[in-house]
Amino acid sequence: MDARIKLQQGDITKLAVDAIVNAANSSLMGGGGVDGAIHRAGGKQILEECIKIVDRLGRCKTGNAIITNGGRLPAKYVIHTVGPVYNGGKNVLKEEEQLAGCYANSLKLAVENGIQTIAFPNISTGVYRFPKQRAAEIAVATVENFLAENHQITQVIFICFDDENLGIYQNLGL
Ligand code: AR6
């Protein structure tokens, strides 16, 4: 395991990292879960920048990411990414690819913005119902692959809110 990857349990809105990642939806207009928590804690500055981005570029596609200011959060930036809604079945490979895209595209955007420290929630494993074990395997593998080719990022935190996700990440060797 890359020594720059760290596991933590708690609330992502409390982290003083360069960027926290938001599990958003394609409207970028906020929602429940971690998205709601980030907009509540960060205040209206974040939503105002989201509105400008949607006006300019349209909605955010599944697997893609955009970046805004961090408002009142201790983090300087929020990277908003849109995870897949899990349906499984014949769509499962596409959904897995989209979830990997969330992690890879968020890291790419982080690098483009000079970010060194970043924290991820367990994207798609709440309301979007992605199976937690598989989601964790994809998250860790994608981040490890990215870091193998990148020396700017100094720390990636996986922050688990619930005990089940925490246990899964621990079993993956974190
Ligand atoms: N800090 C860290 N993780 C959290 C927090 C928090 N404060 N709160 C929840 N989680 P979800 P999704 C965890 O449902 O499945 C929203 O309405 C939670 O335990 O937030 O990607 C959006 O607007 C879970 O493991 O996101 C979208 O419409 C993880 O965050 C939709 O939900 C993701 O759960 C996105 O669904």
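If all Cα-Cα distances of segment 5-172 are sorted into 5 Å bins from 0 onward, what percent lands in each bin, rounded to whole numbers?
2, 9, 20, 24, 23, 15, 6, 1, 0
With each run of n ≥ 4 DSSP H residues scored as -39500 (n - 2.57), what mean residue ellipticity at 222 nm is computed for the chain after dividing by its residue count and rounding to the nearest 500 deg cm²/dmol? Show your work: numbers first, answer last.
Working: 5 runs with 71 residues, N = 174.
Helix-only estimate at 222 nm: -13000 deg cm²/dmol.
So with the 1.4 Å probe, I'd like the accessible area per residue for the chain, rounded to whole Å².
Averaged over the residues of the chain, the accessible area is 48 Å².
How much of TYR77 can a 1.4 Å solvent probe reach, expressed as accessible area in Å² and rounded to 10?
In the full protein context, TYR77 sits at about 60 Å².
Is there a quick way to get the dipole size of segment 18-174? I mean about its Cα centre, with the Cβ of Lys and Arg at +1 and of Asp and Glu at -1; what is the value in debye to the nearest 20?
Details: 14 positive and 15 negative charges, 95 e Å.
Rounded to the nearest 20 debye, it is 460 debye.
Ordering MET29, MET1 by how much accessible area each has at a 1.4 Å probe, largest first, what is the list?
On the way: MET29 85, MET1 105 Å².
Most to least solvent-accessible, the answer reads MET1, MET29.
Measuring from centroid to centroid over Cα atoms, what is the spacing of segment 143-162 and segment 50-75 in Å?
Rounded to whole Å, the Cα centres lie 21 Å apart.
Here is the link list: LYS14/LYS90; LYS14/LYS108; LYS6/LYS132. Which ones come out longer than 29 Å on Cα distance?
Details: LYS14/LYS90 38 Å; LYS14/LYS108 23 Å; LYS6/LYS132 18 Å.
Result: LYS14/LYS90 exceed 29 Å.
The values are calculated or read from the model by the stated rules, or taken from the named source; none is laboratory data. None of the values given here were measured: they were computed from a predicted structure. FYI the Cβ positions are ideal-geometry reconstructions off the backbone, even for glycines, and counts take in every protein chain you see. To get the accessible areas, we keep the full protein, side chains included, count just its heavy atoms, and leave off ligands, DNA and RNA. Shrake-Rupley method; radii C 1.70, N 1.55, O 1.52, S 1.80 Å.
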